Amino acid sequence: MEAIRRTSAEAVHFSARMAARAGLDPTAMEAYDLLVLSGPVPAGRLAAMTGLTRSAVTSLIDRMVRADLAERRPDPADRRRVIVAPRPIPPRIADTAGPAYAAMAAASEVVMAAFSDAELALVLRFATKLNEAGAAVIAGLGETD
């Protein structure tokens, strides 16, 4: 369990450093990553994914739109809702944070090369189940306001 905690702490630290390089706050950087992974989502779903309140996620979306990381789209199924969609990474952010992300990806490839496909499949299964369990716990926490 300690290794998982350490990996989580390193990921938080890396994300914060990359956000600072890009001139963003860490929450916006993480929310952008979630949007890229999930694709466009309603604003309320982004609030749930980030653990932010619905009111706080509005400010987050404003910051992401100003940074050209996301855009608001009308929900075709419900005019009252807004869909938040990721935009391509802006060149100014890619230029400042991209090399570090590339270095991290290359280091990860080196580590993964030391494991068999079967071992990597087991790690993937474990990580997926751990992420699902964590998401369930977070969803159970509810909003903070």
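Restricting the first member to the stretch 75-93 and to residues that are closer than 18 Å to ALA31 by Cβ, and the second to residues that are among the aromatic types (Phe, Trp, Tyr) and not in a strand (DSSP E or B), the beta-carbon pairs closer than 8 Å and six or more apart or on different chains are PRO86/TYR32. When you scan the stretch 28-80, how many residues do you find that are touching a helix residue (DSSP H, G or I) at 6+ places or on another chain (Cβ under 8 Å), among the charged types (D, E, K, R) and farther than 29 Å from ALA133 by Cβ? Selection size over the stretch 28-80: 3. Selection of the stretch 94-126 for residues being closer than 19 Å to ASP33 by Cβ and surrounded by 12 or more Cβ atoms within 10 Å (Cβ to Cβ) yields ALA94, ASP95, THR96, ALA97, GLY98, ALA100, TYR101, MET104. Evaluation of ARG5 against the conditions (1) over 24 Å from LEU141 (Cβ atoms); (2) outside any loop (DSSP other than H, G, I, E, B); (3) over 13 Å from the mean Cα position of the chain (by Cα) shows that the sole unmet condition is (1). Looking across the stretch 110-145, just one residue is under 25 Å from ALA56 (Cβ atoms), among the β-branched types (Val, Ile, Thr) and free of Cβ contacts under 8 Å to residues at least 60 places away in the same chain, and that is VAL137.
Does ALA107 satisfy the condition of being within 20 Å of HIS13 (Cβ to Cβ), hydrophobic (A, V, I, L, M, F, W, C) and in contact (Cβ under 8 Å) with a residue 40 or more places away in the chain? Full working, then the answer.
Working: within 20 Å of HIS13 (Cβ to Cβ): yes; hydrophobic (A, V, I, L, M, F, W, C): yes; in contact (Cβ under 8 Å) with a residue 40 or more places away in the chain: no.
The answer is no for ALA107.
Please verify whether THR96 is under 21 Å from ALA20 (Cβ atoms) and not in a loop (DSSP other than H, G, I, E, B), treating the condition exactly as stated. Write out each step before concluding.
Details: under 21 Å from ALA20 (Cβ atoms): yes; not in a loop (DSSP other than H, G, I, E, B): yes.
For THR96, the condition - under 21 Å from ALA20 (Cβ atoms) and not in a loop (DSSP other than H, G, I, E, B) - is met.
Readers should treat all values here as calculations from the given coordinates under stated rules, not as data from a laboratory. Source: prediction; values computed, not measured. Every residue, glycine among them, receives a Cβ derived from its backbone with ideal geometry; neighbour counts consider all protein chains shown.
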